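The values are calculated or read from the model by the stated rules, or taken from the named source; none is laboratory data. Source: prediction; values computed, not measured. Cβ placement follows ideal geometry from the backbone for every residue including glycine, while neighbour counts extend to all protein chains displayed. Note: areas computed on protein heavy atoms with side chains; ligands, DNA, RNA excluded. Shrake-Rupley method; radii C 1.70, N 1.55, O 1.52, S 1.80 Å.
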Amino acid sequence: MRRLAIHYRPVSLKPQDVCVLLKIVVLQRSPWSYGQLALELGMSASEVHAGIKRAHHASLMRLDDGWGFPDVVALEEFLVHGLKYVFSPVRGGPTRGVPTAHAAPALRALLPVQPGLPPVWADTHGSVQGTEFSPLYKSVPYAAARDPRLYELLALVDALRAGDYPDMAPVRHALRVRLRPFQAAHPSRRPALEVAGHNKRGTHGKEARLHRRRY
C-alpha cells in the first residue's frame, strides 16, 4: 500500500506584512497598486509584493490575479491572539518620538492612563518625550504621519502587542469596530478588471499594475 506523502509549506510572516494588510484595510473599496502601497508605507514595491504573498499563504489575504483584500476575520484573530507572541515589542529608554498604544491621541479616551513616560516610536520629527517602543517596521512613523486612520490602527495593534492593560476588552472591541465594516463592504465578485492606461511606479522603479473592481 502506497503511503501518501504530505508536504507542508512553512509560512514565515514578517512584521511589515501586518502594516501592508492594515493599509489595505483603511483604503476600503479603493483600488490599490503595489507601487501606491510602497509609496504610502515607505517600503519598496518588491517588499510590498512579497508581504502580500506571505499574507496570502498564511490565509490572511485573499488574492485573485494579483489583487485582493485581507480576510479581516482571520486578521482580527491573528492580531488579538497571536501578534504579541510573534512580534513582541522591544522597549528602550527615554527618547523623543511619536506616541503609540494608549498614548496615541485617538486612543487616550479608550485606554487608562499608564504611569511613567508614554510609549513612543523613536523619531527625530516626533514631538513627545517618552519611552521607546519598537514599531512593527522602521517606516511606521512615516506611514502613520501620512494616514491618520492607519496611525489609529497601528496604535491599537501596539496596545495589543504591549498587553499590559488590566482590561484588554476595550482594545479588542475597538479593533473589531474598525475591521468589521471593511468585511461587509466587499462584494463577492472578483476584482478582475485591469486598467491598462494607469501605471504606477514603486520605490524600486518597476512598473506595477493598478487593478479596479467591477461592480
Filter result (in a helix (DSSP H, G or I), of a type in the set (D, E, K, R) and surrounded by 15 or more Cβ atoms within 10 Å (Cβ to Cβ)) within segment 56-81: Glu76
Residue within segment 33-49 that is of a type in the set (A, V, I, L, M), part of a loop (DSSP other than H, G, I, E, B) and farther than 23 Å from Pro166 by Cα present: yes
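Only one of Val157, Val120, Val140 is open to solvent by less than 10 Å² (accessible area, probe 1.4 Å), β-branched (Val, Ile, Thr), touching a strand residue (DSSP E or B) at 6+ places or on another chain (Cβ under 8 Å) and closer than 23 Å to Leu179 by Cα; which?
Exactly one residue qualifies, and that residue is Val140.
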Verdict on Ala101 being touching a strand residue (DSSP E or B) at 6+ places or on another chain (Cβ under 6 Å), at positive phi, open to solvent by less than 50 Å² (accessible area, probe 1.4 Å) and of a type in the set (A, V, I, L, M, F, W, C): yes
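Within segment 95-109, which residues are assigned to a loop (DSSP other than H, G, I, E, B) and either closer than 17 Å to Leu150 by Cβ or among the polar types (S, T, N, Q) (or both)?
Within segment 95-109, Thr100, Ala104 qualify.
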Selection status of Glu77, touching a residue at least 12 places away in the same chain (Cβ under 8 Å) and either under 16 Å from Ser12 (Cα atoms) or among the charged types (D, E, K, R) (or both): no
